[in-house]
Amino acid sequence: MRFLPALGIAAVLLSPIYSPVERMSEEIRYSVVSKNPDGRKVGKILRYLQRVPEPMRAKLNGFGGEFVIFDRVSSLEGLGRSELILLSIAGAGYANKKAYVAENSETCGSSNGMTVPELHEAGHMVDEAYGFPSQNSRFRNLTPAALMGSYDHWAESYGRFYCDDNSNMELKEEFPDVHAYFFKFDAMNGNASVRVSR
Ligand SMILES: [Zn+2]
């Protein structure tokens, strides 16, 4: 298990969105179990995870959450067969307070309206750490029946809200009520500086 030095990367990458940047004392807890880690890819994942607001990171750390970065499914230990099959297909997953993310992650998808896997899985972790707000009737009522269900809708929307300005704006256009919900969730649990530009 290693800890990400929080300030340097965050200050450079997040300043256009998250200003002013304050010193962050809570660091994302993660481990790299890749057989042949690619530093560039791992760094990219960690930069996305920096977009989880600091108070939520503190909550995740207190909750015991951890991100596990892998290159090959065979390098993952302690998982059942069905979980391994799922991870080999999806490249990411969440189980037992651990978010598994493959090194080949995408960028915040402005073309397909999807977030990056690491922030989707972070969304699942935050959801559980805060007592599954995805299952409250308040959020379930915001989830269209045709969608994948409120559990995944919550995680996906969480990721889109925090991924970047584009994904945030697209969420607002596609699901204005969900965007308003996360705006409020962020105001209550997140980083006040995020709200400036949104
Ligand atoms: Zn999911």
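In this structure, residue 40 does satisfy being of a type outside the set (A, V, I, L, M, F, W, C), within 22 Å of residue 164 (Cα to Cα) and loosely packed, with under 15 Cβ neighbours inside 10 Å.
Looking only at residues in the stretch 47-61 that are surrounded by fewer than 19 Cβ atoms within 10 Å (Cβ to Cβ) and of a type outside the set (Gly, Ala, Ser), the one that is nearest to residue 101 (Cα to Cα) is 47. Kindly establish whether residue 120 is modelled with pLDDT of 95 or more and buried (at least 19 other Cβ atoms within 10 Å of the Cβ). Judged against the criteria, residue 120 is not a match. Does the stretch 54-68 contain any residue that is of a type in the set (A, V, I, L, M), out of contact with any Asp or Glu (no Cβ under 8 Å at 6 or more places or on another chain) and in a loop (DSSP other than H, G, I, E, B)? There is no residue in the stretch 54-68 that is of a type in the set (A, V, I, L, M), out of contact with any Asp or Glu (no Cβ under 8 Å at 6 or more places or on another chain) and in a loop (DSSP other than H, G, I, E, B). Those residues that are within 11 Å of the ligand (Cβ to nearest atom) and in a helix (DSSP H, G or I), I need them from the stretch 120-149; list them, please. Once the filter is applied, which keeps residues that are within 11 Å of the ligand (Cβ to nearest atom) and in a helix (DSSP H, G or I), the stretch 120-149 yields 120, 121, 122, 123, 124, 125, 127, 134.
Table: residues versus (1) more than 18 Å from residue 151 (Cα to Cα); (2) crowded, with 20+ Cβ neighbours inside 10 Å; (3) among the charged types (D, E, K, R); (4) away from the ligand (no atom under 16 Å from the Cβ).
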position: 45; (1), (2), (3), (4): yes, yes, no, yes
position: 63; (1), (2), (3), (4): yes, no, no, yes
position: 74; (1), (2), (3), (4): yes, no, no, yes
position: 78; (1), (2), (3), (4): yes, no, no, yes
position: 81; (1), (2), (3), (4): yes, no, yes, yes
position: 85; (1), (2), (3), (4): yes, no, no, no
position: 90; (1), (2), (3), (4): no, no, no, no
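The values are calculated or read from the model by the stated rules, or taken from the named source; none is laboratory data. Everything quoted here is computed from the prediction, not taken from an experiment. Glycine also receives a Cβ, built like all others from the backbone with ideal geometry; neighbour counts cover every protein chain displayed.
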